[in-house]
Amino acid sequence: MNAQQVTLPQHYDYLTKLLATTWLTNQQQNYLRDFINLYSDRTKTSKQISQNSRPFLADDKNLGDFNLLFKEMYYPIVANRSCGSKIWDVDGNEYVDVMMGLGINLFGHNPSFIKEALITQLDKGIQIGPQSELVGEVAELVYQLTGMERVCFSNTGTEAVMSAIRIARAVTGREKIVIFSGSYHGHFDGTLIKANKAENNYSAIPLAPGVLPNFVNDVLVLDYGNPKSLEIIKTHQQELAAILVVPVQTSRPALQPKDFLHQLRELTQATDITLIFDEMVTGFRIHPGGAQAYFGVQADIATYGKIVGGGIPIGVIAGKSKYMDAIDGGMWNYGDDSYPKTQKTFFAGTFCKHPLAMAAAKAVLKYLQSEGPLLHQKLNERTTEFITALNNYFVVEGLPLRMANFGSLFGSASLELSEENSSAASVAMSLLKYHLLDQGVHLLGVSGYLSTAHTDEDINYIIQAVKNSVEQLRSGGFLPPRASV
């Protein structure tokens, strides 16, 4: 559909006046105005639902920072069904989905083996209060795939990370922890922090209003992958309860510091600091045993979620008995004089070990066991080929964007902007997401995930959508023209 074919809505005049106040050229203003109206028309029901619910629903669903320039497109796509690699929105538009539940759907949407497990459990009922009959089996399956000795379950990834930190502090008797800049560990106040660059002393400050400074006083924020960070850890070793690591950050997929992780493991073992791997994204995605198996590093505690829940909310805290015994007091037996000897910390949650979550997790873990490492190997290779094809295109076209992948996770690797064109190029990268959505590719920013449900046809479709979007952005003056050969 061409922009000229669209019946311009009533806010056409408003957009014209708004864009006229920006630094955009006339060419860019006209193009952006027409594209916004085109996009708004194509997804008009999603937009109307967002507007109608705003008085009652407080929601910032996957939108990022508000930008007045894109105000009229600032709403999530509302889906009403999904299957395999596709979703369909409430306007009937079809998308190849690479958001994939923010990393949940390793097997695509609504895979039959998970659906059947959930239906079977629903027929039995949802018993909250008594123990799920599957919980022990699911814990053993986690152990078999990851090598972690003991396992407990929470409702979300945020709860899992929060609990892992509490366990580490309880067992070590220390209070300070280290996290690395660029990592995300959920919305627990104790990890909603950023480095205090003004002080230049690796201390932390709250990331957002409402997070109390007292919550972050015992946190150091260090540079991930930097050998200097290891020296800082040595300096504070007597104070540190834990080092919290996202092995490969979704915001920086090109940073895969294997040597750094091995050095960090040696250091934490020598200083009795708990090494916690936050494997919400990498767990069961890069390898059946997660990033630990991939990098050859065994953490003391690891947290999992997303994939293992099969679409049902779940958090998993797994680790060495030395740490996990703080949940229940440790191992003991009936018929003898044994009893729980380890001092416990506090852990609870009404919906922990939810029967549907346990049913889905069992189905996922059994499926991963039966498929073996070949499932991940094939998917990782296909993603690498996909990213290589995109990067080859960017090089040929002289575009500043580069992509990287860690297994089936992919995202931006670098974006080098010339100073005189940085504003237009920055807007272009933001616009790229909306253009891909308009082309029928559902994603978050310019990052995403491939699943085992994605076909070669899907991948070729995404590549063509990128090419089409680049040409459109060029026509609007947001990207420089193709260099002559």
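List of remarks:
- Lone qualifier among Q238, Q256 - being in contact with a strand residue (DSSP E or B) (Cβ under 8 Å, 6 or more places away or on another chain), polar (S, T, N, Q) and assigned by TED's automatic domain parsing to the domain that holds T342: Q256
- Residue check for A404: closer than 30 Å to R474 by Cβ and more than 23 Å from the chain's Cα centre (by Cα): no
- Residue check, I179 in contact with a His (Cβ under 8 Å, 6 or more places away or on another chain) and either under 21 Å from H262 (Cβ atoms) or surrounded by 18 or more Cβ atoms within 10 Å (Cβ to Cβ) (or both): yes
- Those residues of the range 201-210 which are more than 11 Å from I179 (Cα to Cα), assigned to a loop (DSSP other than H, G, I, E, B) and more than 22 Å from the chain's Cα centre (by Cα), in sequence order: N201, P209, G210
- Qualifying residue in the range 122-141 (condition: over 19 Å from G309 (Cβ atoms), out of contact with any Pro (no Cβ under 6 Å at 6 or more places or on another chain) and either assigned by TED's automatic domain parsing to the domain that holds L409 or at pLDDT below 95 (or both)): yes
- Of the residues making up the range 261-279, one or more are closer than 21 Å to M99 by Cβ and modelled with pLDDT of 95 or more.
- Reported count of residues in the range 83-121, each being touching a His at 6+ places or on another chain (Cβ under 7 Å) and surrounded by fewer than 19 Cβ atoms within 10 Å (Cβ to Cβ), is 1.
- Those strands (runs of 3 or more DSSP E) of the range 215-319 in which 3 or more residues are among the hydrophobic types (A, V, I, L, M, F, W, C) and closer than 21 Å to G173 by Cβ occupy 240-245.
- Within the range 37-52, residues that are closer than 13 Å to L437 by Cα have Cβ atoms under 7 Å from residues that are among the aliphatic types (A, V, I, L, M) and in a helix (DSSP H, G or I) in these pairs: L38/A3; Y39/M73; S40/M73, counting only partners at least 6 apart in sequence or on another chain.
- Any hit, the range 421-440, residues being at pLDDT 95 or above, surrounded by 16 or more Cβ atoms within 10 Å (Cβ to Cβ), under 25 Å from N93 (Cα atoms) and of a type in the set (A, V, I, L, M): yes
- Complete set of residues in the range 290-304 that are among the small types (G, A, S) and under 18 Å from the mean Cα position of the chain (by Cα): G290, A291, A302
- Within the range 453-483, tally of residues that are touching a helix residue (DSSP H, G or I) at 6+ places or on another chain (Cβ under 6 Å) and under 14 Å from L379 (Cα atoms): 1
- Just so you know, in the range 9-49 the residues that are assigned to a loop (DSSP other than H, G, I, E, B) and buried (at least 17 other Cβ atoms within 10 Å of the Cβ) include one that is modelled with the highest pLDDT, and it is T43.
- Counting the residues of the range 122-162 that are hydroxyl-bearing (S, T, Y) and not in a helix (DSSP H, G or I) gives 3.
- For the range 298-311, the set of residues classified as over 15 Å from M280 (Cβ atoms) and either surrounded by 21 or more Cβ atoms within 10 Å (Cβ to Cβ) or touching a Pro at 6+ places or on another chain (Cβ under 8 Å) (or both) consists of D300 only.
- Looking across the range 163-187, just one residue is touching a strand residue (DSSP E or B) at 6+ places or on another chain (Cβ under 7 Å), more than 17 Å from Q298 (Cβ to Cβ), assigned to a helix (DSSP H, G or I) and among the small types (G, A, S), and that is S163.
- When residues in the range 75-103 are screened for being assigned to a loop (DSSP other than H, G, I, E, B), under 18 Å from D60 (Cα atoms) and in contact with an Asp or Glu (Cβ under 7 Å, 6 or more places away or on another chain), 2 of them pass.
- Cβ pairs under 6 Å, 6+ apart, first in the range 279-302 and on the phi > 0 side of the Ramachandran plot, second part of a loop (DSSP other than H, G, I, E, B): G290/E279; G290/T282
- Checking each residue in the range 336-354 for being without any contact (Cβ under 8 Å) to a residue 24 or more places away in the chain, among the hydroxyl-bearing types (S, T, Y) and surrounded by 10 or more Cβ atoms within 10 Å (Cβ to Cβ) picks out S338, T342.
- Residue in the range 349-363 that is farther than 25 Å from L134 by Cα, in contact with an Asp or Glu (Cβ under 7 Å, 6 or more places away or on another chain) and modelled with pLDDT under 95 present: no
- Filter result for I273 (more than 22 Å from the chain's Cα centre (by Cα), of a type in the set (A, V, I, L, M) and crowded, with 24+ Cβ neighbours inside 10 Å): yes
- Test for Q4: is it part of a helix (DSSP H, G or I) and at pLDDT below 80: yes
- Candidate set: the range 379-410, residues that are aliphatic (A, V, I, L, M) and assigned to a helix (DSSP H, G or I); chosen: the one farthest from R482 (Cα to Cα): L379
- Candidate set: the range 253-270, residues that are of a type in the set (D, E, K, R) and more than 21 Å from I167 (Cβ to Cβ); chosen: the one farthest from the chain's Cα centre (by Cα): E266
The values are calculated or read from the model by the stated rules, or taken from the named source; none is laboratory data. It should be emphasised that the depicted structure is a prediction, and the values quoted were computed from it without experimental measurement. As a convention, Cβ positions derive from the backbone with ideal geometry for all residues, glycine included, and neighbour counts pool all protein chains shown.
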